Structure formats: structure tokens, C-alpha cells
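> To start, I am sharing the structure in question, which I have written as C-alpha cells.
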Amino acid sequence: MELVPGNIFGVWAMVVVSICVLLVVYLTKEGKFLVKLRRIAGLEAIEEAIGRATEMGKPVHFSPGIADVTGDTAPQTFAALEVLTYVTTLSAKYNAELIVTIRMPNVFPLAQEVVRQGYLAAGKPDLFQEETVRFLSSEQFAYIAGVLGIFTRQRVAANLMIGAFWAESLLMAEGGSQVGAIQVAGTANMHQIPFFVAACDYTLIGEEIYAGGAYLSQDKVRLGSIASQDYVKFALMASILVGAVMMTAGNDWLRVLFVK
Amino acid sequence: MRREIPLLITFLVGIIFLFGPITTGNIPVLEMSFRQIVSTYLSPWTTIITAFAIGLASINLLRLHGSYVARKRSGWINSAALVISMLFFTVARIIRELRPTDPEVVAFYGRIFDNIAAPLSGAMFAILAFYIASASYRAFRARSLEASVLLVAAIIVMLGAAPVGALIWDYFPSLQRWLLAVPNTAGQRAIIIGAAIGGFATSLRILFGLERGYLGGD
């Protein structure tokens, strides 16, 4: 068994990064490494949004994006489910009505379990209703039509959109804006970020959505993993700088190494 | 065991899917490549799980809207339309599967998509044009320094891309190209690199069972 050419550097980089992540996670768990995350306004606004919905007696809408649990956008869906755990806990605390809309059938049972367990952990299992987590359609635009229908009929007061979104991002954000909902959105899909920035009150940009679970739970393991990302980022920044200098000097050793 | 078994399955399947596309040759003891394990064993399971998930989701949809119709809840007529369309499409697809070579059935099924599903999706997509205008109006109101920078950059990019821009000032097109190629690309790459590392770390946490939120919490 051998590696396919073109992946050799990638695999070794993956091993090194994995060791770095796991090491920082271990040190954080053991208390030998203290992690403090910077303030993320978008995540802090979630409580404000749910509180507002409670005061108004209107529902909170949450969408974990339209990606599946497989493929390169799957981490965004999992990150969204982490945030959903927190949203469920807060909804239970404030007795706010929560509506979770789902596009991908594979995400549906996961979201149902997250919400059910969230209510159970909060000591309010009776708050979980069959209509709390709703599968709308696996068709992208049918899904968004369903979401806009819910916005209009139920006049949601808070609209939380965390996960992978595509063309429906602005439709959902503008729909939420038109019914006057306070909106927190986040995605790592580069081309949808400007739409969220334009239409939402708070936007989580790129990697901030992955920090959501750690930030909201303050769990040491997750916090350690977030801190390790910064070290990897520093290493990457250094390699970009060194690579640029080397290429300018006519030496392509680093470039060749990266494509091995 | 309710937690450990799913975590073990996640780890093993994750490793196999990870090494599938980047390795060749057989795994020493198993005499089978990662790719073969994926295509022979895992892909059919993926299909089976997805089929069950679709079943669960469809039942949720039918029960929910069925109860709205039965209780004549406000807006029940929409629910009735949804249930009828869903059943109609299901029956149409079953007939299409049972008679795949019948030209009339194939044409009828094609017409459903061409004349109902496609125009409806197109209509939803078209709304984007209006929403872009209203969102841009709100975003470009110069209420803060950041919004003012956004407004100025947007005006330059728009004028640089429109033929009239070059007539107003020769430098608009080159300024627009610079804005897109340098500050915009730099910002985008920074976000992409950060998001890629974040995605990788999240995947690693899931693979090693450190992230368990998707199983309904710790």
C-alpha cells in the first residue's frame, strides 16, 4: 500500500497538524495550558436573540445549513449542531418556542436527537414537539420556500443560521429581515459571507462557526482544539512568508515540496 | 455502550474514507484496498442509511402536515397542497421506476419537472435579484466607518465593471481590478485558510470522539 503521488506532503502535514491539535487538546484538558477565546459578538448575540423572542412571545428559527453530513462541507453541519445544542438549552431555559428546519434527510435524525436531548438535559422534555424539528424538502429552493412560509406565518423573532449555505442564504436572511427578526448567521462558504454581512445583525465569518461549540460550552477539550488552530495558522503564515521570499529569490524548493 | 459504539464506527469509517482517495494497493492483512472497502461495503450502507433517513423525514413531513389538515389549523390548505403534491410525486416516481421504457410515462415524468418543479425553483431563485437590491441598500448606508468603506469600494467596483465607468474616469476599471485582485483576494484567502483549518480541527475532533454534540450531547 502506498500514497498516491501529489498527496505525500498533504498526508505528512495532516499527521503533524493532528499531533499538534491532539497535544494542545491534551495539555488544555490536563490544565497545563490555559485557553481564552476572544469575544465573538455573533455567538454572544444568540442569547440576546432568544431572550427577545421570549419577550415577544414569538418563535426562534434555527437552520443548520443545507449541507449533508458527508463531504467537505460536513464539518459546518456538525459545527451547526454544536450551536443547536446551546440554542436548545437556552430555548428551554426561557421557554421559547424553537423551530429547526432541515433540508438534508441525513441531518434530520441528528438534529432531532440534539434537540430532544437538549430539552431532556434542561429538565423540560415536554417542550420537544414533533413540529420542533421539521424536515421541509431536500430540494434547495423548495426548502427555502418552506422557511420563508414559516417566517411569514409565524413571524419569527429570532433567526439563527449557522452552517453551509449557498444561493438560499440571502433569501433566508432577507426573509428574516422582512419579518423583523434579529438575525445571527454564520458560514464558511466564502461566497455567501457577504450576503450574511449585508442582511444580518451579526455574522460569524468562516472559522468562527467552528469555534461556536467551544465558545458556548467552554469545554476544555474543544477550547484546546481551537487554540491549536492558531498555532497551525502561525505555521502556515510563516510558510507563506518564507515561500514568497524563496520564490522571489528564484528558489522553488518549498513549492515543489508542497505539491509532492 | 450507547456512546462508544457510534464513536468507534465514526472513527473506523472516517479513517477508511480519509485514506480511500489518497492510497493505492492493498492493506497488508485485509488484502483489500481502502477504495475497495468504500465501494464494496461502505457505499451500500450509505445508501441504506440515507434511504432510512429519507423515510423518517418524509414520515415527519406527512404526520405534521396531515395533523394540520385534520385539525383544520390556520393555513391548512397549504398543508393539504403539500401532502397531495408529495403523494402525487411519489406515485409518479413509482410508476416511472416500474415502467422505465414506456415513452409516455418517461415523457409525463419529465413534464412534471420541466413544467412544475423547474419553474418553481426558478421563481425562488429569481427573487434573489430583488433581495440583493434591498440587502445592498441596507448594507451600504454609510452609518459607520466600515459601512462607508464598503460603500466606496462597491461604487468603484460597480463603476469599474460598467462601461460608463471608464467614460467618467479612465482609472475606474484598473482600480476595480486592483480592488478585486489584491485586498479582496487577500481577505478571501485569509478566510478560506482559517475556515479550512477550522474544518480540519472539527473533523479531527469528530474522528477522535472529542466532539459529541451530534450524538445529542456529552
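The values are calculated or read from the model by the stated rules, or taken from the named source; none is laboratory data. Small disclaimer: the values here were computed from a predicted structure and weren't measured. Glycine also receives a Cβ, built like all others from the backbone with ideal geometry; neighbour counts cover every protein chain displayed.
> Got a number for residues in the range A:175-195 being within 11 Å of chain B (Cβ to nearest Cβ) and under 20 Å from A:D72 (Cβ atoms)?
Count: 7.
> Could you please find all residues in the range A:17-39 being loosely packed, with under 12 Cβ neighbours inside 10 Å and under 16 Å from B:T202 (Cα atoms)?
A:I19
> Against the condition modelled with pLDDT under 95 and at the interface with chain B (Cβ under 8 Å from one of its Cβ atoms), how does A:G31 come out, does it pass?
Answer is no for this residue.
Table: residues versus (1) modelled with pLDDT of 90 or more; (2) loosely packed, with under 15 Cβ neighbours inside 10 Å; (3) touching a His at 6+ places or on another chain (Cβ under 7 Å).
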position	(1), (2), (3)
B:A126	yes, yes, no
B:A135	no, no, no
B:S144	no, yes, no
B:L159	yes, no, no
B:I168	yes, yes, no
B:A181	yes, yes, no
B:R189	yes, yes, no
B:F200	yes, no, no
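> Kindly indicate whether any position in the range B:128-136 is farther than 30 Å from A:T77 by Cβ and out of contact with any Cys (no Cβ under 6 Å at 6 or more places or on another chain).
yes
> Taking the options A:F258, A:F195, A:F234, name whichever one is within 24 Å of B:A135 (Cβ to Cβ) and aromatic (F, W, Y).
Answer to the check: A:F195.
> For the range A:55-62, check the following and say yes or no: at least one residue is closer than 20 Å to B:T202 by Cβ and either out of contact with any strand residue (DSSP E or B) (no Cβ under 8 Å at 6 or more places or on another chain) or within 13 Å of chain B (Cβ to nearest Cβ) (or both).
There is no residue in the range A:55-62 that is closer than 20 Å to B:T202 by Cβ and either out of contact with any strand residue (DSSP E or B) (no Cβ under 8 Å at 6 or more places or on another chain) or within 13 Å of chain B (Cβ to nearest Cβ) (or both).
> Pairs under 7 Å by beta carbon, first residue among the aromatic types (F, W, Y) in the range A:15-37, partner at pLDDT 90 or above, six or more apart or different chains?
Between residues of the range A:15-37 that are among the aromatic types (F, W, Y) and residues that are at pLDDT 90 or above, the close pairs are A:F33/A:V24; A:F33/A:L27; A:F33/A:G224.
> Got a sec? Which helices (runs of 4 or more DSSP H) wholly within the range B:104-218 have at least 2 residues that are away from chain A (no Cβ under 14 Å) and of a type in the set (S, T, N, Q)?
Here the list reads B:172-179.
> Please give the helices (runs of 4 or more DSSP H) falling wholly within the range A:197-260 in which 3 or more residues are modelled with pLDDT of 95 or more and outside the structural domain of A:N159 (by TED's automatic domain parsing).
Once the helices (runs of 4 or more DSSP H) in the range A:197-260 are filtered for at least 3 residues that are modelled with pLDDT of 95 or more and outside the structural domain of A:N159 (by TED's automatic domain parsing), what remains is A:220-248.
> What are the residues in the range A:84-140 that are aromatic (F, W, Y), in contact with a Leu (Cβ under 7 Å, 6 or more places away or on another chain) and either under 23 Å from B:L61 (Cα atoms) or surrounded by fewer than 18 Cβ atoms within 10 Å (Cβ to Cβ) (or both), if any?
Passing the criteria: A:F108, A:Y119, A:F135.
> Condition check: within 10 Å of another protein chain (Cβ to nearest Cβ) and surrounded by fewer than 15 Cβ atoms within 10 Å (Cβ to Cβ). Does B:I59 satisfy that? First the steps, then the outcome.
Details: within 10 Å of another protein chain (Cβ to nearest Cβ): yes; surrounded by fewer than 15 Cβ atoms within 10 Å (Cβ to Cβ): yes.
Here the answer is yes, as B:I59 does meet what is asked.
> Still on this structure: Mind listing whichever residues of the range A:40-72 are at pLDDT 95 or above, crowded, with 18+ Cβ neighbours inside 10 Å and part of a loop (DSSP other than H, G, I, E, B)?
Within the range A:40-72, A:K58, A:P59, A:I66, A:A67, A:D68 qualify.
> Take the range B:39-88 and flag every residue that is farther than 22 Å from A:T101 by Cα, among the hydrophobic types (A, V, I, L, M, F, W, C) and within 24 Å of the chain's Cα centre (by Cα).
If the condition is that a residue be farther than 22 Å from A:T101 by Cα, among the hydrophobic types (A, V, I, L, M, F, W, C) and within 24 Å of the chain's Cα centre (by Cα), then B:L42, B:W45, B:I48 are the ones that fit.
> Let me spell it out: the conditions are (1) within 11 Å of chain B (Cβ to nearest Cβ); (2) among the β-branched types (V, I, T); (3) farther than 30 Å from A:E30 by Cα, and A:I209 meets all of them except one. Which number is the exception?
The number of the failed condition is (3).
> Can you confirm whether the range B:39-50 contains a residue that is more than 10 Å from chain A (Cβ to nearest Cβ), without any contact (Cβ under 8 Å) to a residue 24 or more places away in the chain and buried (at least 16 other Cβ atoms within 10 Å of the Cβ)?
No, the range B:39-50 contains no residue that is more than 10 Å from chain A (Cβ to nearest Cβ), without any contact (Cβ under 8 Å) to a residue 24 or more places away in the chain and buried (at least 16 other Cβ atoms within 10 Å of the Cβ).
> Here is a further query. For the range B:172-218, give me the residue count where each residue is of a type outside the set (F, W, Y) and in contact (Cβ under 8 Å) with a residue 40 or more places away in the chain.
Summing the residues that are of a type outside the set (F, W, Y) and in contact (Cβ under 8 Å) with a residue 40 or more places away in the chain in the range B:172-218 gives 6.
> Sticking with this one: When you look at A:L84, is it closer than 27 Å to B:A195 by Cα and either within 9 Å of chain B (Cβ to nearest Cβ) or assigned to a helix (DSSP H, G or I) (or both), yes or no?
In short, yes.
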